[in-house]
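To start, the structure under review is shown below, and the notes come after it.
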Amino acid sequence: MLPARSADRAAAPDGGTRSPAVGAQAPGSPAIHAINLSKRYRDTVALQGLSMTVARGEVFGFLGPNGSGKTTAVKLLLGLARPTSGEAMVLGAAAGDRETRRQIGYLPELFRFQSWLTAREVLILHCRLLRLPRHRWPAAAAEALHAVGLAARAGDKVGTFSKGMQQRLGLGVALLGEPALIVLDEPTSALDPVGRHDVRVIIRELRDRGATVFLNTHLLEEAEQVCDTVTILSKGHAVATGTLADLKASRPGVRLQVTGLPVGWRQRLAAFGTWTTDGDWLLVSDMAAGKVPDLVAAIVSLGGRVEAVIPERQSLEERFLELLEHE
Amino acid sequence: MSPVLTIASLTVREAVRRRLVAAFALISVVLVSLSGWGFYKLSHNTSITSGETGLAVPQAVILFMFMFSFVVALSASAIASLAISAEIDSGVLQTVITRPIRRSDILLGKWLGMTGLLAAYTAIVCSLLVGVVDWTSGYVPPDPAAAAVFVLAEGVMLLTLVLLLSTRLSALAAGVIGVALFGIAWLAGVAETLGAAFGIRAMHTAGQISQYLLPTDGLWHGAVFYLEPPAFVAQQLAGPRGEQADPFFTSTAPAWPYLTWAAIWLVLMLLLGLISFQRREL
């Protein structure tokens, strides 16, 4: 349970308000815990009762179509805006807490660095803002530049960078100081395929060292490749949460190639699920869990010969579209 | 280095990299060269008596400082207008504000950096001017350092007001409003002078109220006072009352209560700016 606090204090934009847990950053607590988080801008409801928990050390996908409230939720979690109601804890402290920000790396969706600084100078500036020891600045900047593939452009002004290179630099800045939580808001939106691959590699490396990654994206393929759990957001509230396997297995099925079935087989096998055909294949959907061996046995008992059995899972995209259709 | 000093040094570095300092230097050279030429011509003209020169040069110095105070104020307004809203709109502040730094550190750091730039600019131009005037005409104003401080204070007042406005308004709106208020305050100061000289109570009172609402013109009069030779003050006071209505003439130094109010006003504007920025959602 969260400590009792007023909603207004939960995310003071300056992060000046401190909860009793501030500084302790309770290691046992979840990386993010939000309860009934809502945000209203005059007549527009941007976020409506969002509750979610992100465990430490996982890659969490925050998915949703444009305008579903993803970026608003990120702003509330980072203390850039105040919730209209509800509350959130990040790394065991009130969302937006100033000291906890030392443990958070953030790549905003829309941002710019000082165009008149070089890439290395931007990183040194953020080392300074993070209050890293001065002797660590050069190595920390060099490591970040290397990690995001900008070592060769370290001395170039940011103003000469393409959007993709600025996004790489943004990721490098977010990695500084080995943060416990990295919030990436659409991190690959301006990147080419090589850049996207590099980001996926970095995310996996972050998970390997025990960091939590909060990935805000509308690219389902990206989420499918790196996320452990996801929350799907639509019209300001969560419509599904779980591991990728859970979400995709919600309507399991099987694809079969069978010969020698007698007349009337459909009626006798109808109880296993909904039957459709796709060329030479038979598709069974809406099956109960663990019923595939029983199905195969039933086909064999009817005299059918089972040539192939392929388990069917929904793609994340299919599941995503299905959930949004029901909204 | 404290976060305030980090932001202040970043502000100064930006001014250098974006060639603001180079622009200041170029303008200073042009201003001082032209004024040096003017003061030389004024002091070495055989058609003017030495008595007339003795009156003309101090007035020319005041006019130069009047023009320079405008340059300082407009520069203050321009740089302060870009400080907050413009950086939020461009997305630069989002990367800084999510670091373990107070918003007050950001605002105070920017204020400190910009004030430092204005102070250096004012000190250099005023020193060069005094040197050039002395070299070309042999005249040194009674207290040029005090006058420079008042010109700087005038600029810092406007800088602080526009910084407050920039926490909520766009750079364009904040800058335009700041410059307009500065102009209105100057005009109200003229009204106050005219009201005092001709006994028009309403104008006098309106001007006085304006000087409390925005103390820029009141501080400008402080600069004028420290540039006036005592003989010039005595001559103006002895002359017809129309001469005392001259907006470039002041017979008394700014009173301490007024200067105290100006300092309180400055702190109030800074506090309002801090509160406004603190409450702003990104």
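The values are calculated or read from the model by the stated rules, or taken from the named source; none is laboratory data. Source: prediction; values computed, not measured. Positions of Cβ are backbone-derived with ideal geometry, glycine not excepted, and every protein chain shown enters the neighbour counts.
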Query - Out of B:ILE97, B:ILE124, B:ILE88, B:ILE106, sole residue that is of a type outside the set (Ser, Thr, Tyr), facing chain A (nearest Cβ under 9 Å) and out of contact with any Gly (no Cβ under 8 Å at 6 or more places or on another chain) - result: B:ILE97
Query - segment A:225-270, residues that are assigned to a helix (DSSP H, G or I) and either buried (at least 16 other Cβ atoms within 10 Å of the Cβ) or in contact with a Lys or Arg (Cβ under 8 Å, 6 or more places away or on another chain) (or both) - result: A:GLN225, A:VAL226, A:LEU244, A:LEU247, A:LYS248, A:TRP265, A:LEU269
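Please determine, by comparing only the residues of segment B:226-244 that are touching an Asp or Glu at 6+ places or on another chain (Cβ under 9 Å) and assigned to a helix (DSSP H, G or I), which one is surrounded by the most Cβ atoms within 10 Å (Cβ to Cβ).
At the first step, the residues of segment B:226-244 found to be touching an Asp or Glu at 6+ places or on another chain (Cβ under 9 Å) are B:226-227, B:235-237.
Adding the requirement that they be assigned to a helix (DSSP H, G or I) leaves B:235-237.
Details: B:GLN235: 12, B:GLN236: 16, B:LEU237: 12.
This residue is B:GLN236.
Restricting to segment A:65-94, what's the tally of residues that are assigned to a loop (DSSP other than H, G, I, E, B), farther than 23 Å from A:LEU324 by Cα and polar (S, T, N, Q)? Can you show your working first?
Applying the first criterion (assigned to a loop (DSSP other than H, G, I, E, B)) to segment A:65-94 yields A:65-69, A:79-84, A:91-92.
Right, trim to farther than 23 Å from A:LEU324 by Cα and you get A:79-84, A:91-92.
With polar (S, T, N, Q) added as a condition, the list becomes A:84.
Residues in segment A:65-94 being assigned to a loop (DSSP other than H, G, I, E, B), farther than 23 Å from A:LEU324 by Cα and polar (S, T, N, Q): 1 in total.
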Query raised in the report: Which one is surrounded by the most Cβ atoms within 10 Å (Cβ to Cβ) among residues in segment B:199-220 that are among the β-branched types (Val, Ile, Thr) and more than 25 Å from B:PHE64 (Cα to Cα)?
Result: B:ILE200
Report summary line: Only unsatisfied item for A:GLU58, checking (1) within 22 Å of B:PRO100 (Cα to Cα); (2) surrounded by fewer than 24 Cβ atoms within 10 Å (Cβ to Cβ); (3) of a type in the set (D, E, K, R), is (1)
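Out of B:LEU164, B:LEU194, I need the residue that is more than 15 Å from the chain's Cα centre (by Cα), over 19 Å from B:LEU259 (Cβ atoms) and at pLDDT 95 or above. Which one? Spell out how you get there, then give the answer.
Working: B:LEU194 fails: at pLDDT 95 or above.
None of the others qualify; the one that does is B:LEU164.
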Report task. Please indicate, with yes or no, whether at least one residue in segment A:97-107 is out of contact with any Leu (no Cβ under 7 Å at 6 or more places or on another chain), hydrophobic (A, V, I, L, M, F, W, C) and in the same structural domain as A:GLN166 (by TED's automatic domain parsing). Result -> no
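Yes/no matrix, rows are residues, columns are (1) of a type in the set (Phe, Trp, Tyr); (2) touching a residue at least 60 places away in the same chain (Cβ under 8 Å); (3) within 14 Å of another protein chain (Cβ to nearest Cβ); (4) touching a Pro at 6+ places or on another chain (Cβ under 9 Å):
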| site | (1), (2), (3), (4) |
| --- | --- |
| B:GLU228 | no, yes, no, yes |
| B:ALA255 | no, no, no, no |
| B:THR260 | no, no, no, no |
| B:ARG280 | no, yes, yes, yes |
Query raised in the report: Only one of A:PRO108, A:PRO179 is closer than 27 Å to A:LEU91 by Cα, within 12 Å of chain B (Cβ to nearest Cβ) and touching a Gly at 6+ places or on another chain (Cβ under 6 Å); which?
Result: A:PRO179
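Take A:VAL183 and tell me if it is surrounded by 18 or more Cβ atoms within 10 Å (Cβ to Cβ) and either under 22 Å from A:GLY64 (Cβ atoms) or within 20 Å of the chain's Cα centre (by Cα) (or both). It would help to see each step written out before you state the result.
Values: surrounded by 18 or more Cβ atoms within 10 Å (Cβ to Cβ): yes; either under 22 Å from A:GLY64 (Cβ atoms) or within 20 Å of the chain's Cα centre (by Cα) (or both): yes.
So A:VAL183 fits the description; yes.
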Report task. Residues being in a loop (DSSP other than H, G, I, E, B) and without any contact (Cβ under 8 Å) to a residue 40 or more places away in the chain: count how many of those fall in segment A:290-317. Result -> 2
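For residues that are over 19 Å from the mean Cα position of the chain (by Cα) and over 13 Å from B:PHE66 (Cβ atoms), scanning just segment B:245-255, find the one that is surrounded by the fewest Cβ atoms within 10 Å (Cβ to Cβ).
Narrowing segment B:245-255 to residues over 19 Å from the mean Cα position of the chain (by Cα): B:245-246, B:251-252.
Subset that is over 13 Å from B:PHE66 (Cβ atoms): B:245, B:251-252.
Values: B:ALA245: 15, B:SER251: 13, B:THR252: 9.
Across segment B:245-255, the extreme among qualifying residues is B:THR252.
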Requested in this report: Kindly indicate the residue of segment A:273-318 that is under 35 Å from the mean Cα position of the chain (by Cα) and β-branched (Val, Ile, Thr) and also surrounded by the most Cβ atoms within 10 Å (Cβ to Cβ) among those meeting that condition.
Outcome: A:VAL284
Query raised in the report: In segment B:30-42, how many are among the β-branched types (Val, Ile, Thr), without any contact (Cβ under 8 Å) to a residue 24 or more places away in the chain and either touching a Lys or Arg at 6+ places or on another chain (Cβ under 8 Å) or surrounded by 12 or more Cβ atoms within 10 Å (Cβ to Cβ) (or both)?
Result: 0
Report summary line: Of (1) modelled with pLDDT of 95 or more; (2) farther than 27 Å from A:LEU110 by Cα, B:LYS110 satisfies every one except (2)
Report task. Among what's in segment A:99-132 and is of a type in the set (Asp, Glu) and at pLDDT below 95, pick the residue that is surrounded by the most Cβ atoms within 10 Å (Cβ to Cβ). Result -> A:GLU109
**Report entry** Top-ranked residue in segment A:111-158 [being touching a Gly at 6+ places or on another chain (Cβ under 7 Å), within 13 Å of chain B (Cβ to nearest Cβ) and not in a loop (DSSP other than H, G, I, E, B); ranked as farthest from A:LYS70 (Cα to Cα)]
**Finding:** A:THR118
Query raised in the report: What number of residues within segment A:1-54 are within 26 Å of the chain's Cα centre (by Cα), among the β-branched types (Val, Ile, Thr) and at pLDDT below 50?
Result: 1
Query raised in the report: Would you pick out the residues in segment A:287-319 that are farther than 21 Å from A:GLN257 by Cβ and either assigned by TED's automatic domain parsing to the domain that holds A:GLN225 or touching a helix residue (DSSP H, G or I) at 6+ places or on another chain (Cβ under 6 Å) (or both)?
Result: A:LEU316, A:GLU317, A:ARG319
Report task. Quickly run through segment B:13-26 and pick out the residues that are more than 12 Å from chain A (Cβ to nearest Cβ) and among the aliphatic types (A, V, I, L, M). Result -> B:VAL21, B:ALA22, B:ALA23, B:ALA25, B:LEU26
